[in-house]
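S.K.: There's a structure below that I have some questions on.
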2 protein chains.
Amino acid sequence: MTSPEAREEAVLEAIRQRREQVNEAIPEELPIQRPERLYEASRYLLDAGGKRLRPAVLLTTAEALGDVDPLSAEYRSFTPLDESGPVDVMAAAVSVEVIQSFTLIHDDIMDDDDLRRGVPAVHKEYDLETAILAGDTLYSKAFEIMLDTRAEPDRIVEALDVLATTCTKICEGQSLDVTFEERTDVSPEEYLEMVEQKTAVLYAASASLPAILLGADEETIDALYGYGLDIGRAFQIQDDVLDLTVPSERLGKQRGSDLVENKQTLITVHARNEGVDVDGLVDTDDVDAVTEAEIDDAVAELEAAGSISYANETARELVEQGKDRIELLPDNEARDLLCDVADYLIERGY
Amino acid sequence: MTSPEAREEAVLEAIRQRREQVNEAIPEELPIQRPERLYEASRYLLDAGGKRLRPAVLLTTAEALGDVDPLSAEYRSFTPLDESGPVDVMAAAVSVEVIQSFTLIHDDIMDDDDLRRGVPAVHKEYDLETAILAGDTLYSKAFEIMLDTRAEPDRIVEALDVLATTCTKICEGQSLDVTFEERTDVSPEEYLEMVEQKTAVLYAASASLPAILLGADEETIDALYGYGLDIGRAFQIQDDVLDLTVPSERLGKQRGSDLVENKQTLITVHARNEGVDVDGLVDTDDVDAVTEAEIDDAVAELEAAGSISYANETARELVEQGKDRIELLPDNEARDLLCDVADYLIERGY
């Protein structure tokens, strides 16, 4: 029996090892080229860090499907299930990270956030024009990079379909998120639907794309898509919890910024149902003006209403459901790692 | 021998007939769905009008390749050259128009333009957030719609590759355009390279996509791509001329706005080479403050320097080159129409 600490240590190490390979692949797939300023701005957030959780899920899923030992396969020429020509699953991993980065750049403009990953947002470091264009460039580059996987044409077509519909859903989710800011009657179900579109679909794409590219059956593709939706929703709920509980320095942005900016989270949706005056929790709507004491008081009130526990429990249920879904995968170390990654998403401290 | 007037009349009628069919297809491919505000904003410019020149080129190219009488084929189930399963070339036509619309929405934000097609720009009619998201939604929808063509998988893969690289080049061209605003030493060659990326590649995609989707040979695909690059550059040069010469009401925006906003055009690049003080032509950099008299004086000076004639001649040469390229197509009415469309792009009055 492994201790929880040893298990977390192991999953962090597994993510780190894949992150290193993803970090090497990013400049290969997205070199700085003319016009340099555009490509530098496009790479700015990618180079600033990031945990690469989605690529890690994608690569580990490929390993589980291929029934190979973790890290034993060459990601750039991965053998499909029917042993047709090799598939570059690393290109797919970079593609989803590039989509993630594009959405962060445009989201930061929309929210006028100053900081991301501890560095200025792209529209602050560069300017609005460059940030819009950098996001747009990453958008089409993600499709170009997915085409680099060299999978069978019908599988690439399906993969690009997933990528395109995923991007559309992210936009729809973001749009719902914006309209929710002006509403006080959002139900937990509506919130979770929004999170599914805004966040979870990219996890679902990450988990199911290797199955598509490597030629798995529909049942497996669907199960992995469902796993991704579950852990992606859990990830966002945990993100909302961390926004309240992790020190600003560690978050890379002001703690409690969601509350200040009146963002709906599962926590505030629950608290409102419990009669908490959520809009009165923080007086200012300027992240630069809020005090740590104000955030502390707000968190205490949300804890008293049981809202943070409710969020934690919901995330836990989603993770368990996601883990159940992938029982149909071959029983191997990579599958165990997918379960551990799911646990990690809600146990992580930042 | 047909008179020039009768020929222009005929080409306008041919574009109009295709436009009507494209206008019917747009709501089919891009229905208003939840979240409604997002989709309404996405459709706003598409519904405000537009000549649909790129879709018209795409549909006419399909007709020329298929060697069918103009308008005789059902665009929704077009027979490929090898008579494999029917291809929905209308979906491809809508896809390029959707890309065009996405770029207009984001460009208007970047230039902070107020008007487009005689109506407020999307970020003015809605807001910045919605406009960014509406553009992003159209971006992925264009890929989804291209997937609706139902062509053979290897052809769809190639078509999506063209679409993605086209979008990347448009971003690169737009980025160059922005940096050119701060330079006074842009050469005509550099300007034309920028225009190729910013504008002409979408014409090149429109002309070559039917060849890809219908299974034409590489030589034909390349020739059509070249035709599109030529007429697309000519189109942009003519647009720059029209910005100076067509009354504001007819343009749907302030005449001379390129001069006011210090946009480089082939005209200003030439004029600067001829020693004209281009930056001194208009004093203000506020399109709302400029007078018609100021624009008239500026145009007179540019005419005196031979810059407008130079632009007209360059556009004419490009059109002739483009027409030469498509001589390898079957000799039919649709091919003649592609030549007439090329002429129309530089003969049009707005």
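The values are calculated or read from the model by the stated rules, or taken from the named source; none is laboratory data. This one's a predicted model, so the numbers in the text were calculated from it and none came from an experiment. FYI the Cβ positions are ideal-geometry reconstructions off the backbone, even for glycines, and counts take in every protein chain you see. Just the protein is used for accessible areas: all its heavy atoms, side chains included, with ligands, DNA and RNA removed. Shrake-Rupley method; radii C 1.70, N 1.55, O 1.52, S 1.80 Å.
S.K.: For the rotation bringing B onto A, which B residue has its Cβ nearest the axis, and at how many Å?
M.R.: Residue of B nearest the axis onto A, distance in Å: B:Pro153, 2.
S.K.: Would you tally the net charge around A:Val89, using a Cβ to Cβ cut-off of less than 10 Å, leaving A:Val89 out, and scoring K and R as +1, D and E as -1?
M.R.: Result for the local shell: -2.
S.K.: Once the convex hull of the alpha carbons of the protein assembly as shown is built, what does its volume come to per residue, in cubic angstrom?
M.R.: In the protein assembly as shown, the Cα hull volume divided by residue count equals 155 Å³.
S.K.: With everything on Cα atoms, drop me the angle between helix B:292-304 and the longest principal axis of chain B, reported from 0 to 90° to the nearest 10.
M.R.: 80 degrees
S.K.: Can you pull the one-decimal nm distance between simple spin-label points at A:Asp324 and A:Ala289, each 7 Å off the Cα toward Cβ?
M.R.: 4.8 nm
S.K.: So, with +1 on the Cβ of K and R and -1 on the Cβ of D and E, and no other charges, what is the size of the charge dipole of chain B about its Cα centre, to the nearest 20 debye?
M.R.: The dipole of chain B has a size of about 1000 debye.
S.K.: I need the inter-copy label distances for B:Ala48: point set 7 Å along Cα to C-beta, values in nm with one decimal, smallest first.
M.R.: So the label point of B:Ala48 gives 3.2 nm to the other copies.
S.K.: Moving on. Whenever you get a sec, line up A:Glu218, A:Glu13 from highest to lowest accessible area (probe 1.4 Å, protein heavy atoms).
M.R.: So the residues, ranked largest to smallest area, are A:Glu218, A:Glu13.
S.K.: Quick one: label points 7 angstrom along Cα→Cβ at A:Asp69, distances to the other copies in nm, smallest first?
M.R.: So the label point of A:Asp69 gives 7.1 nm to the other copies.
S.K.: Please check: in the Gaussian network model of chain B (C-alpha springs, under 10 Å), which one of B:Pro55, B:Pro153, B:Pro247 has the largest mean-square fluctuation.
M.R.: Highest fluctuation among the options: B:Pro153.
S.K.: Once the Cα atoms of helix A:307-325 and of chain A are each reduced to a long axis, what angle between those two axes, in degrees from 0 to 90 to the nearest 10, is obtained?
M.R.: Once rounded, the angle reads 10 degrees.
S.K.: What dipole magnitude, in Debye to the nearest 20, does the range B:57-114 give about its Cα centre under +1 on Lys/Arg Cβ and -1 on Asp/Glu Cβ?
M.R.: Dipole magnitude for the range B:57-114 comes out near 380 debye.
S.K.: Under 11 Å from the Cβ of A:Thr2, count the other residues' Cβ atoms, weight Lys and Arg +1, Asp and Glu -1, and hand me the total.
M.R.: Residues near A:Thr2 contribute -4 overall.
S.K.: Also, quick follow-up: Express in whole angstrom the spacing between the alpha-carbon centres of the range B:285-350 and the range B:208-275.
M.R.: Distance between centres, Cα-based: 8 Å.
S.K.: Using θ = phi - 60° and the Karplus curve 6.51 cos²θ - 1.76 cosθ + 1.60, what whole-Hz ³J(HN,Hα) does each residue of the range A:104-109 get, with Gly and Pro shown as x?
M.R.: Rounded to whole hertz, the list is 5, 4, 6, 4, 5, 5.
S.K.: Between the helical axis of A:201-214 and the dominant principal axis of chain A, each derived from Cα atoms, what acute angle in degrees is found, rounded to the nearest 10?
M.R.: 0 degrees
S.K.: For A:Glu28 and A:Glu182, what does the FRET efficiency come to when R0 = 35 Å and r is the distance between their Cβ atoms, rounded to the nearest 0.05?
M.R.: 0.20
S.K.: Further question on the same structure: Please calculate how many Å² of accessible area the range A:95-197 carries per residue, with a 1.4 Å probe and no DNA, RNA or ligand atoms counted.
M.R.: On a per-residue basis, 30 Å².
S.K.: Now a separate question. With only Lys, Arg, Asp and Glu charged, each at its Cβ (+1 for the first two, -1 for the last two), find how big the charge dipole of the protein assembly as shown is about the Cα centre; round to the nearest 20 debye.
M.R.: Dipole size: approximately 900 debye.
S.K.: Counting only residues 5 or more places away or on other chains, whose amide H sits under 5 Å from the amide H of A:Phe78 once H atoms are built in the peptide plane?
M.R.: Correct list: A:Val87, A:Asp88, A:Val89.
S.K.: Largest first, please: the extent of the C-alpha atoms of the range B:4-347 along each principal axis, to the nearest Å.
M.R.: 60, 47, 34
S.K.: Follow-up question, since we're still on this one. Calculated from DSSP H runs of 4 or more alone, at -39500 (n - 2.57) each and per residue, what is the 222 nm mean residue ellipticity of chain A, nearest 500?
M.R.: -22500 deg cm²/dmol
S.K.: Are there trypsin sites (Lys or Arg not before Pro) in the range B:43-152 that DSSP puts in a loop and that have at most 11 other Cβ atoms within 10 Å, and which ones?
M.R.: Answer by residue number: there is no such site.
S.K.: Distances from A:Thr179 to the same residue in each other copy, label points 7 Å out along Cα→Cβ, in nm, shortest first?
M.R.: Between copies, matching label points for A:Thr179 lie 4.1 nm apart.
S.K.: Related question: Give the long-range amide H neighbours of A:Leu115: residues separated by 5 or more places, or on another chain, with amide H under 5 Å away, using H modelled in the peptide plane at 1.01 Å from N.
M.R.: Correct list: A:Ala121.
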